[in-house]
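Engineer: Before we start, here is the structure in question, set down as structure tokens.
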Amino acid sequence: MDRREALKLTALAAATTVASRRVLAQARNPAQNTAAIDPSVVRRMGTDVRWDKAPCRFCGTGCHVQVGVRAGRVVAIAGDQLADVNKGLLCVKGYHVGLALYGSDRLTQPMLKRNGRHEPISWDEAIRIITDKIAADPAGFAMYGSGQWTIPEGYVANKMVKAGLGHNNIDPNARLCMASAAAGYVSTYGVDEPASCFDDLDHADTVIMWGNNPAEMHPILFSRIVDRRARGQTVEIIDIGTRRTRTTGFANHYLEFKPHTDMAIANCIAQQLLASNTHSREWVERFVAFRKDAAQPNLLGEVATFEEYRQKVARYTPEYVSTLSGVSVEQLRMLGRLFGDPAKRITSLWCMGPNQHTRGTAMNRLLHGIHLLSGHFGREGDGPQSLTGQPSACGTAREVGTFAHALPGGLLVANPEHRHETEEIWNLQPGRINANIGLHTVEMWKRFSTPSSEGGSVHTIWVQVTNPGQSLPNLNRLFKPSRQLADKFLIVSDVYPTATTREADLILPSAMWVEKNGMVGNSERRTQQWFKMVDPPGQARPDAWQTLAVARALFDRAIPGMRDKDGNFLFEFKRPDGTTVPAWEWAHFYDVNVDEQLFEEYRRFSRFKHKDLAPYGEYVRARGLRWPVVRQPNGVWKETRYRFIEGEDSYVARGKRVQFYHSTSRDDRAQMWLHDYVAPPESPSPEYPFWLCTGRVLEHWHTGSMTMRVPQLRGSVPQAYVELNARDAVRLGIANGALVLLESPRGRLVIPAWIDGRGRPPEGSVFVPFFDERLPINDLTLDAHCPISKQPDYKKCAVRVSLAPAGATVTAPSPASPAPNRGG
Amino acid sequence: MKPRDSQRLLYVLGALVVSASVLGFFAGVRDTGRARVYRTPRVRYPGELDTAPSYRDEREARRGNRARHAGNLAAMAELRPALFDPVPDGDVAGLTRALAARALRRAYAGAPPTIPHGIDDIAVPACLTCHERGMQVGQRVASAMPHPRYDSCTQCHAQALPSVPRMDLPLGAAASAENSFVGLEEQRGTRAWIGAPPTVPHRTAMRSQCESCHGVLGAGIRSTHPWRQSCRQCHAQAGTLDQSPQGGVDESTPPWATLNAPGMHAP
Amino acid sequence: MITAGLVLTLAHDEALAPLADFVCVTVGELQPHNRLPIATQCDSLESQQALWDELITLPGVLTMDLVFEDFSDVEDFSSEQLPSRWKRREREGRTHDLTDEISTDLDAEEST
């Protein structure tokens, strides 16, 4: 029978099947079909599932999930209805978070690279190797951590480096994601983190998305907004972006601006408020002071006057800004009118757009500024608020102060009083905390990738809970060169093989999420806690234990910094009867709740900057509490929704109404900054005519090391792509799905085109998600960074786009080692 | 009535042919102004699916040269078993199959199902065209949302097969893309005595619209009496499942304490 | 060669006769409710569309439902070539597992 005949018969059979379907059903015996079904599918479960609460492992929203555990394994996830943040709802990552534990290639034993291969070694040997490296030259050791560190993990690492090693070379990957937001808050309010909270989303009349796409990146918060429409409420969404996204589909207004000109748009709003006299006089007279950058931009700047401010913004008329930004004059006037209306409640949300920006701190300041100038601040639904992308970017990076310039509780390395307070709490010799700010992320990796003889002073980096081999910008400059240098040693603690572990000299298998106790802090100052529910696989162990074990080994070698001024080890854990627990020995790590004891010590720092944290036990009962959590006369620990506002914030003096009690001008005023629009460091040119923007997608989280192991998420978006405007595609002869060659001055990448896909960039602009390790877009991105926050700009650089030549393929790096032993 | 007028397309099995939804027919390329982009055939992969229509396509389908489909869509929405059609009680085979079919699209009992067909990747609320009320399309059922109306459907529901363009890629650093997670199974309700109404064996959070799965369109788990509206009048929640918002969280004995039994942490 | 499977609903048996005149139409066995499965094989999408347009205008043919379509022989196929309602993606080799899929589906849903 030839193929045509076969096809014809198939077609006829299909048609017959349909035409006769009633008959067919009667002819079959249902019992026969049942036999083929696996009876386990309908097995009764009974009462053997134990449910417990935990914040989701992924983003900075901080949803609480309920985790169902049976026989030592996570078997189900449910949204936690008691959680204020998500009110029982989760996103697709959250519903599948339990699967992230069970990728079949979990790292289960320490491995050392010998002769180009990763070979299993014991934990004792691994700890000894790390200790050797540090002891040989403590100054050349650096730690690169994460906004995914739990609070106790970050605290241990921070104390080990800053107290134990006497330098400040520790920085988290949060440098790459919200350093600009932190710098914006500190230089505006004198203290970090949002004054408002997610409650705004339930009350705002208008929500403005400044260059972010919460429909995909913060889906729960986005639903909190759009679900109000389903309930019959009106909420206006204004999407100010550089490409159309799923968020745009829900927006009332879409303002498409030329990359980097968001600064001019913010100034344009201020110009209109002043020109039309619709700014808030009360705020200008009572609550606001003015600042401008010093010759060398820094956090504090110089005093300026209202008159200077007025003159500075005067040129940013809608007409001028329209030519600069490409946004229509009418749309700019719409924004001006909106902020000029005191009755409207306006919430500004932003995330990586203004943060990953070579003028990120300035852009953050300007966003606060337009809210302060118009008085849209401090009411429910009325205020500026940045979002974070990691579960504890706020909790661990910003509050525990794991930045190179920071100390716990919002204290600063550069401030002598702050160093003194830290030495007091840690019981250190006076002067032990190094007054020099440590190496920020870009500088740390630059020095690691520079030969020691040429000033590359960092010889060993210990990476925990992050994947810099994929997520650093300009990998060809910051990451790859170090792997060719014999005296550079890379230690990586992780749960799965990644682009970083592949290049690591020493791999340490970590416990993740509910395989250990943990605490994190979300974007709205909410500190959250969970308990260990299942055992980690093989020899995987918590990062906090790993750091403790190394610190203790250094103590045993008599490294002086590991002792406090009384000669005791920096980390002491006590049983209820007062005896000491050697928690650095794995067999004793769970003899006490190490998290609780570390947290209670850390908590003492929180009072300096009025970031008061409650005792550990309060967090066990709550679905997170927003700091400052202040004990009331009746003994109740009360969280704070709106800081600096009388009646909400316990630290605002009676009768003040609004009091910025950490004001850098020391007069209870917030600082409004003057910033001119500055052109980006790299713009499209005839040689590289396209803008490249990078980012995330809904299904994948960061570098995909967890979500790419979840079948439902990987199945939905199995690989990266480049979004291309249809007109550009026509012009360049690129079909949907065709392979495209992207080239920047720094690197190149072959990647398939997606036209009219999920995001739609304007002409002259392309977008590539960064989750796919095999299509490393960060080979192309720019490492230029904000002069104040040191946060690089992943959102814009210039590229060339062309149809890839026939036969072009991606040269994905081959693994440096065989697949790790799964059995452990 | 002219024959042409009565011509109706049963999308149904046409859709089955590509295992996509009926709406797949509207799929693909839309804006003729950009037609040249698509002239070169793109690489296609096994299992690749159709795309559901955007609202714009829907509008276009109601007017223009595709108008006849619109009538069908509306007509199909009415095509569903009658409320009073008899349903056999105790159809174990049907229930078994229905639960197996559910398990195919869910990571565990209670997980949001994946989307078994292509979608418009940017105009997400188009899903509600079929899934707001539910629709039977031949033998396929587009179930109604069992939860209150949410518009951002893809927040929770991922596509089972992607619309992302693909190329052949190695695994990268990963040794495998496999996952050994074993999800919680759907459970059975119990009856106090033969003939008693069965208990509700699952949480009702996000599954509060009983008729979505147990109404006339619910194959295998269909109620024998879908016309009755107040389900919880007779069907109590199973005692084996703590359905309170607390969800059985026991705060008195921290799991880390009990998990620390000897042998649990052999170094 | 493009192969399609369709179901015609006929008003009466006499409508069967004219179908024999079409060489590219294979007629299956008449099913209850006057449903007639047929297969069509055409050289191009255009001729297929022309054929279908003719079939539906035959006296006694009430409805025509498409249940199967195979495009695997169309070279350089682009969805642009299709009449708008057939726009969709297809792939070679897809056809053979379809029957299974259909019957599985029926298995799952018919028995209730």
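The values are calculated or read from the model by the stated rules, or taken from the named source; none is laboratory data. Everything numeric here is computed off the predicted structure, so don't read it as measured data. Ideal geometry is used to build each Cβ from the backbone, glycine not excepted, and the neighbour counts take in all protein chains shown. Areas reflect the complete protein model, heavy atoms only, side chains present, ligands, DNA and RNA absent. Shrake-Rupley method; radii C 1.70, N 1.55, O 1.52, S 1.80 Å.
Engineer: For residues that are at the interface with chain A (Cβ under 10 Å from one of its Cβ atoms) and open to solvent by 30 Å² or more (accessible area, probe 1.4 Å), scanning just segment B:102-124, find the one that is nearest to A:Ala78 (Cα to Cα).
Structural biologist: For segment B:102-124, the residue satisfying everything is B:Gly110.
Engineer: Follow-up. Can we say B:Ala173 is closer than 22 Å to A:Thr707 by Cα, touching a Phe, Trp or Tyr at 6+ places or on another chain (Cβ under 9 Å) and free of Cβ contacts under 8 Å to residues at least 60 places away in the same chain?
Structural biologist: Judged against the criteria, B:Ala173 is a match.
Engineer: Quickly run through segment A:91-111 and pick out the residues that are over 30 Å from A:Ile127 (Cβ atoms) and either touching a His at 6+ places or on another chain (Cβ under 9 Å) or at the interface with another protein chain (Cβ under 10 Å from one of its Cβ atoms) (or both).
Structural biologist: Listed by number, the residues that qualify are A:Cys91, A:Val92, A:Lys93, A:Gly94, A:Tyr95, A:His96, A:Gly98, A:Leu99.
Engineer: Sticking with this structure for a sec: Which residues, taken from segment A:348-378, are under 17 Å from A:Val288 (Cα atoms) and of a type in the set (Lys, Arg)?
Structural biologist: Of everything in segment A:348-378, just one residue is under 17 Å from A:Val288 (Cα atoms) and of a type in the set (Lys, Arg), namely A:Arg365.
Engineer: Restricting attention to segment A:632-652, and to residues there that are over 15 Å from A:Gly378 (Cα atoms), open to solvent by 40 Å² or more (accessible area, probe 1.4 Å) and more than 31 Å from the chain's Cα centre (by Cα), which single residue is nearest to the other protein chains (Cβ to nearest Cβ)?
Structural biologist: Checked segment A:632-652; the qualifying residue nearest to the other protein chains (Cβ to nearest Cβ) is A:Val636.
Engineer: Name every residue in segment A:359-382 that is open to solvent by 10 Å² or more (accessible area, probe 1.4 Å) and within 20 Å of the chain's Cα centre (by Cα), in order of residue number.
Structural biologist: Within segment A:359-382, A:Arg359 is the sole residue that qualifies.
Here is a yes/no grid of residues against (1) in the same structural domain as A:Thr150 (by TED's automatic domain parsing); (2) farther than 19 Å from A:Phe403 by Cα; (3) surrounded by fewer than 22 Cβ atoms within 10 Å (Cβ to Cβ):
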position: A:Pro416; (1), (2), (3): yes, no, yes
position: A:Gln429; (1), (2), (3): yes, yes, yes
position: A:Pro473; (1), (2), (3): yes, no, no
position: A:Arg477; (1), (2), (3): yes, yes, yes
position: A:Lys488; (1), (2), (3): yes, yes, no
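Engineer: Can you tell me which residue is surrounded by the most Cβ atoms within 10 Å (Cβ to Cβ) among those in segment A:278-297 that are in contact with a Gly (Cβ under 8 Å, 6 or more places away or on another chain) and touching a residue at least 60 places away in the same chain (Cβ under 8 Å)?
Structural biologist: A:His279
Engineer: Can you tell me which condition C:Asp65 does not meet? The list is (1) at positive phi; (2) surrounded by 13 or more Cβ atoms within 10 Å (Cβ to Cβ), and all the others hold.
Structural biologist: (1)
Engineer: In addition: Quick one: in segment A:50-90, which of the residues that are of a type in the set (A, V, I, L, M, F, W, C) and touching a Ser or Thr at 6+ places or on another chain (Cβ under 9 Å) is nearest to the other protein chains (Cβ to nearest Cβ)?
Structural biologist: Out of the qualifying residues, it is A:Leu89.
Engineer: Here's something else I'd like to know. For segment A:212-277, which helices (runs of 4 or more DSSP H) that fit wholly inside it have 3 or more residues that are in contact (Cβ under 8 Å) with a residue 40 or more places away in the chain, hydrophobic (A, V, I, L, M, F, W, C) and buried (at least 24 other Cβ atoms within 10 Å of the Cβ)?
Structural biologist: Where helices (runs of 4 or more DSSP H) fall fully within segment A:212-277 and carry at least 3 residues being in contact (Cβ under 8 Å) with a residue 40 or more places away in the chain, hydrophobic (A, V, I, L, M, F, W, C) and buried (at least 24 other Cβ atoms within 10 Å of the Cβ), they are A:262-275.
Engineer: Quick check on segment B:159-174. Is at least one of its residues facing another protein chain (nearest Cβ under 7 Å), part of a loop (DSSP other than H, G, I, E, B) and under 25 Å from A:Gly88 (Cα atoms)?
Structural biologist: Yes - at least one qualifying residue is present in segment B:159-174.
Engineer: Can you say whether A:Val799 is open to solvent by less than 20 Å² (accessible area, probe 1.4 Å), part of a strand (DSSP E or B) and among the β-branched types (Val, Ile, Thr), as far as the supplied structure shows?
Structural biologist: When the stated conditions are applied, A:Val799 passes them.
Engineer: Additional query: Would you mind finding the one in A:Ala71, A:Ala135 that is open to solvent by 10 Å² or more (accessible area, probe 1.4 Å) and touching a residue at least 24 places away in the same chain (Cβ under 8 Å)?
Structural biologist: A:Ala135
Engineer: Still on this structure, I have one more. What number goes with the only condition from (1) of a type in the set (Asp, Glu); (2) more than 16 Å from A:Val465 (Cβ to Cβ); (3) surrounded by 24 or more Cβ atoms within 10 Å (Cβ to Cβ) that A:Asp124 does not pass?
Structural biologist: Status for A:Asp124: all satisfied but (3).
Engineer: Would you mind telling me which numbered condition in (1) surrounded by fewer than 24 Cβ atoms within 10 Å (Cβ to Cβ); (2) within 18 Å of the chain's Cα centre (by Cα); (3) not hydrophobic (A, V, I, L, M, F, W, C) A:Ser452 fails?
Structural biologist: Tallying (1) surrounded by fewer than 24 Cβ atoms within 10 Å (Cβ to Cβ); (2) within 18 Å of the chain's Cα centre (by Cα); (3) not hydrophobic (A, V, I, L, M, F, W, C), A:Ser452 fails exactly one: (2).
Engineer: Looking at A:Asn436, A:Asn476, can you tell me which residue is in contact with a helix residue (DSSP H, G or I) (Cβ under 9 Å, 6 or more places away or on another chain) and at negative phi?
Structural biologist: Going through A:Asn436, A:Asn476 in turn, the sole match is A:Asn476.
Engineer: Filter segment A:691-705 for residues that are away from chain B (no Cβ under 11 Å) and not hydroxyl-bearing (Ser, Thr, Tyr); which is nearest to A:Leu749 (Cα to Cα)?
Structural biologist: A:Leu692
Engineer: Can you tell which of A:Val594, A:Val620, A:Val629 is within 14 Å of chain B (Cβ to nearest Cβ), β-branched (Val, Ile, Thr) and open to solvent by less than 10 Å² (accessible area, probe 1.4 Å)?
Structural biologist: A:Val594
Engineer: Regarding A:Asn434, is this residue assigned by TED's automatic domain parsing to the domain that holds A:Pro152, outside any helix (DSSP H, G or I) and touching a residue at least 60 places away in the same chain (Cβ under 8 Å)?
Structural biologist: When the stated conditions are applied, A:Asn434 passes them.
Engineer: Out of the residues in segment A:546-575 that are of a type in the set (Gly, Ala, Ser) and surrounded by fewer than 19 Cβ atoms within 10 Å (Cβ to Cβ), which is nearest to A:Ile507 (Cα to Cα)?
Structural biologist: The extreme case among them is A:Ala558.
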